[in-house]
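Working notes for the structure below.
The values are calculated or read from the model by the stated rules, or taken from the named source; none is laboratory data. Given the structure is predicted, the values throughout are model-derived calculations rather than measurements. Cβ: placed from backbone, ideal geometry, glycine included. Neighbour counts: every protein chain shown. Each accessible area value is taken on the protein alone, full model and side chains, heavy atoms only, with ligands, DNA and RNA left out. Shrake-Rupley method; radii C 1.70, N 1.55, O 1.52, S 1.80 Å.
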Amino acid sequence: QRIIASAVGGFFVVIFTTPFDVIKTRLQAHKASKEARLDRIVKGTSSVFSSILKEQGISGFWRGLSPSLALIIPTNALYFCQYEKVREQLEKSQTSWVRSSSAAMSGAFARATTSILVAPVDFLRTYWQSSASQGNKLLTQTSGLIKREGFSVLWTGVVPSLLRDVPFSALYWFLYEFLKKEFNRKLGHKPGDHQKLLLSSFFSGAIAGVIGTGLTMPLDVIKTRRQMHHKDESGKELLIRDRHTSREIFRTILREEGVKGFFVGVGVRAARVAPACAIMISSYEWMKTFLNNTGL
């Protein structure tokens, strides 16, 4: 039930949110890249939107969709099953603080293990979205990168990803479970009431997602800068080992762009994460209840 429910929710989320991911990545790439085609001044999301539409067409908004869809079922299944199993065990604890923080701890654990396992997919998605190449040229470029630097390159940016995703997941689940209880209480939700369950989980997921996004945005910017496509002054792609480390990226952003540099694309990410969390958790909760009631 959990696998089917998470797969259905994940599919719709990926289709809906990929354009937001592409725009957010391009916004952050424009700030850091020195490529000729990216050196013009970009003013806001609308300019990036127009640029992608003009250069790549509608399909450009779904760059990196393939790796996301390829692993959405195992990724979501692993994440949600781990969360629920770990939480079930923690809620049996005799220690009150463990029971009260079970959602946060379960969310952090599930996200940490899942992030490490799916890091290659995250790297490929960001790398493809930030590159100007398309089609076979992009695939050749990617295979060349792996041949030069080995498969370990696919885990580039995993540390900032963990630093972003683990706190986000802990905060998200803590807020989600709290808000869901409050919404259910105010709506007068009763077992079997699918409509009220859908509403409470949808809005709880959206609110928790927005708050978590704002607090973890700086780490998202660092992760994206670390993973995206880079070239030197001659136009040759830089090796991963020759690029800036996460710490150096942090210092560069702070020195050249100030604190606001850590929040580039925050509006786009919030616009992506809020509905993504809402759609994912509400469809998961609804589908799980539906399958349970039908005896599947």
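Please work out if L154 is free of Cβ contacts under 8 Å to residues at least 12 places away in the same chain and either part of a helix (DSSP H, G or I) or open to solvent by 30 Å² or more (accessible area, probe 1.4 Å) (or both).
So L154 fails the test.
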Spot the failing condition for T140; the list is (1) free of Cβ contacts under 8 Å to residues at least 24 places away in the same chain; (2) among the β-branched types (V, I, T); (3) under 24 Å from A271 (Cβ atoms), and only one is missed.
-> (3)
Only one of (1) over 19 Å from T289 (Cα atoms); (2) surrounded by 21 or more Cβ atoms within 10 Å (Cβ to Cβ) fails for F178. Which number is that?
-> (2)
Looking at E91, is it more than 21 Å from D21 (Cβ to Cβ) and open to solvent by 70 Å² or more (accessible area, probe 1.4 Å)?
-> yes
Restricted to region 8-26 and to residues being open to solvent by less than 20 Å² (accessible area, probe 1.4 Å), hydrophobic (A, V, I, L, M, F, W, C) and modelled with pLDDT under 80, the residue nearest to the chain's Cα centre (by Cα) is V22
Taking region 272-295 as the search range and keeping residues that are touching a residue at least 12 places away in the same chain (Cβ under 8 Å) and hydroxyl-bearing (S, T, Y), which one is farthest from R2 (Cα to Cα)?
-> S282
Members of region 102-122 that are open to solvent by 30 Å² or more (accessible area, probe 1.4 Å) and in contact (Cβ under 8 Å) with a residue 60 or more places away in the chain = M105
Of the residues in region 142-187, those that are at pLDDT below 90 and among the hydroxyl-bearing types (S, T, Y) come to T142, S143, S152, T156, S161
Considering each of R125, R148, R164 in turn, give the residue that is in contact (Cβ under 8 Å) with a residue 40 or more places away in the chain, part of a helix (DSSP H, G or I), among the charged types (D, E, K, R) and in contact with an Asp or Glu (Cβ under 6 Å, 6 or more places away or on another chain).
-> R164
Considering residues of region 227-280 that are modelled with pLDDT of 75 or more, on the phi < 0 side of the Ramachandran plot and in a loop (DSSP other than H, G, I, E, B) only, the residue least open to solvent (accessible area, probe 1.4 Å) | V264
